[in-house]
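I have placed the structure first, in the form of structure tokens, so that the comments after it can refer back to it.
The values are calculated or read from the model by the stated rules, or taken from the named source; none is laboratory data. If you're wondering where the values come from, they're calculated on a predicted model, not measured in any experiment. FYI the Cβ positions are ideal-geometry reconstructions off the backbone, even for glycines, and counts take in every protein chain you see. Areas reflect the complete protein model, heavy atoms only, side chains present, ligands, DNA and RNA absent. Shrake-Rupley method; radii C 1.70, N 1.55, O 1.52, S 1.80 Å.
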Amino acid sequence: MRRISVIGLDGRPLPPEARELLAGAALVAGGRRHLRELGLEGGRSVALEGDLSGALERISAERGPVAVLASGDPGFFGIVRLLAGRFGREALRVLPAASSAARAFARASLPWDDALVVSAHGRDPRRAVNACRAHPKVAVLTSPGFGPAELARELAGWGRELFVAERLGEPDERCFSGGPEEVAGRRWREPNVVLSLREGRAVGAKGWASCGLGSPGRWALPEGEFEHRSGMISGPETRALALARLGPGPGDLVWDVGAGSGSVAIECARLGAAAAAVERDPESCGRIRRNAERHGVCVRVVEGEAPEALRGLPDPDAVFVGGSGGGLREILRLCAARARRCVVASLVGLERVVPAAELLEGCGLEVEAVMLQASRVKGVGRLHRLAPENPVFLVSGARP
């Protein structure tokens, strides 16, 4: 017998089965708002609050049937995970309602099979923010300490439109659509869900997998896949090792400093990370934008000279330094102080390798320095020869 019934609520009348289970429950657990709205406050109820330990002990001690009330679909970022881990899934009977994400997309009149859904509730919201920076369509389950205004402030400058759905299913439900600046300047009531939408990409192409995060296919792409100024691009072999050290993925933010063609930033974005390409040359900035558009990814282009251009950016997980002008030491020192995971620098002059490694090591990073030299096989008449490329040094510093 499944003694714990988990009942989802979405503002609509309860179905007959749910009403019957509530009527027969020896104990009803739920948020105070849900208990109050259903008139179930009293001796046979327990509030779900705090760390939930008290409510879980009451449920564990109860020998009769138990009903647990939850918002929306309790199996979607909800209490089913906790209850199944504590009591076993064999003890549960789940009656879901519509999830808040599904209702928010319905209010926005958008399909959402290609959307990514992330939660900032009880978690570090930074990863949710980076997902919004990278993915064209994201639903964010907010938290009391990180709501629409806080999210909007983090997305300013990333080309996003926000749709806020607050108090879904309640008589005072309200929806609002606007830019980050508008959303950041308002006060919002809980609970709410925020949709982050890339301008012009809210309705994506028909796909085969939910959330739209498919395989990028090849990576460390050939130089011909990017528009670039002659020689001003990291070769595919260099990029392959750099990407292995950077480790970009969903929820990450990567800086590409002295980006040139933006090839590293674009490869990181193709692997699911948010990416910012910092480049001082206006013509190169235009190339980066065109390359990003060609590969269908979002890369924030910051036109300016490092290290000054880096100071207003959010902290990265990883940094690739491909060009530095004359400010390599200052750039590496700033990046080492702010990167959460690693810094990777591409250098062509041997004289810079040891000082760069010593600087990163002095910042508390574990350092590795490698020389890469690839040779292309080229035909010479009926024979073939090896045509060597110029060697490149990669200096990597990782947090212990």
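The C-alpha atoms of the chain define a longest principal axis, and helix 350-362 lies at about 30 degrees to it. Taking only the alpha carbons of the chain, we obtain Rg and Dmax values of 26.0, 92 Å in that order. For region 35-54 versus region 200-246, the spacing of their alpha-carbon centroids is 50 Å.
Find the accessible area per residue for region 73-139; the probe is 1.4 Å, ligands and nucleic acids are left out, and the unit is Å². Working shown, then result.
On the way: 2980 Å² over 67 residues.
Per-residue value: 45 Å².
Could you grab the relative contact order for region 212-279? Cα pairs under 8 Å, six or more apart, rounded to a whole percent.
Values: 96 pairs, mean separation 22.1, N = 68.
Result for region 212-279 is 32 percent.
Prolate is the label for region 305-400, because a/c, from the alpha-carbon gyration tensor with a ≥ b ≥ c as root eigenvalues, is 1.5 or above and a/b exceeds b/c.
Given a 1.4 Å probe and every protein chain left where it sits, what share in percent of the accessible area of region 148-306 is carbon and sulfur?
Details: 3390 of 7120 Å².
Carbon-and-sulfur percentage of accessible area, whole number: 48.
Based on protein heavy atoms only, region 1-58 ends up with 57 Å² per residue of surface accessible to a 1.4 Å probe.
Scan region 312-400 for GluC sites (Glu not before Pro) in coil per DSSP, keeping those whose Cβ has at most 15 other Cβ atoms within 10 Å, and list them by number. Numbers along the way, then the final one.
Numbers: sites: E330, E351, E358, E361, E366, E368, E389; in loops: E389.
Passing both the DSSP loop test and the Cβ count: E389.
When the surface is traced with a 1.4 Å probe over the full set of protein chains, C175 keeps roughly 60 Å² accessible. Within the chain, DSSP assigns beta bridges of which about 50% are antiparallel (rounded to the nearest 5).
State whether region 1-101 is rounded, prolate or oblate according to the following rule on the C-alpha gyration tensor (a ≥ b ≥ c being the square roots of its eigenvalues): a/c under 1.5 gives rounded; otherwise a/b larger than b/c gives prolate, and the remaining case gives oblate. Cα axes put region 1-101 in the rounded bin. Using the Cα gyration tensor of region 276-361, with a ≥ b ≥ c the square roots of its eigenvalues, what is the shape: rounded (a/c below 1.5), prolate (a/b larger than b/c) or oblate (neither)? It comes out prolate by the Cα gyration axes. Shape annotation for region 348-397: C-alpha extents along the principal axes are 54, 18, 7 Å, from largest to smallest.
With both labels modelled 7 Å from their Cα along Cα-to-Cβ, the W219 to A244 distance reads 1.2 nm. Working from Cα pairs under 8 Å separated by at least six residues, relative contact order for region 340-400 is 48 percent.
Please list V118, V194 in order of solvent-accessible area, largest first, computed with a 1.4 Å probe with all protein chains present.
Details: V118 25, V194 0 Å².
Sorted descending by solvent-accessible area, the residues read V118, V194.
Loop-resident trypsin sites (Lys or Arg not before Pro) (DSSP state other than H, G, I, E or B) in region 293-400 with no more than 14 further Cβ atoms inside 10 Å of their Cβ: R311, R340, R382.
If you average the sequence gap of Cα pairs under 8 Å that are 6 or more apart and divide by the length of the chain, what percent do you get for the contact order?
Numbers: 817 pairs, mean separation 42.7, N = 400.
Relative contact order, the chain: 11 percent.
Per DSSP helix of 4 or more residues, -39500 (n - 2.57); summed, then divided by the residues of the chain. What does that give at 222 nm, rounded to the nearest 500? Present the calculation step by step, with values, prior to reporting the outcome.
Details: 13 runs with 118 residues, N = 400.
It lands at -8500 deg cm²/dmol.
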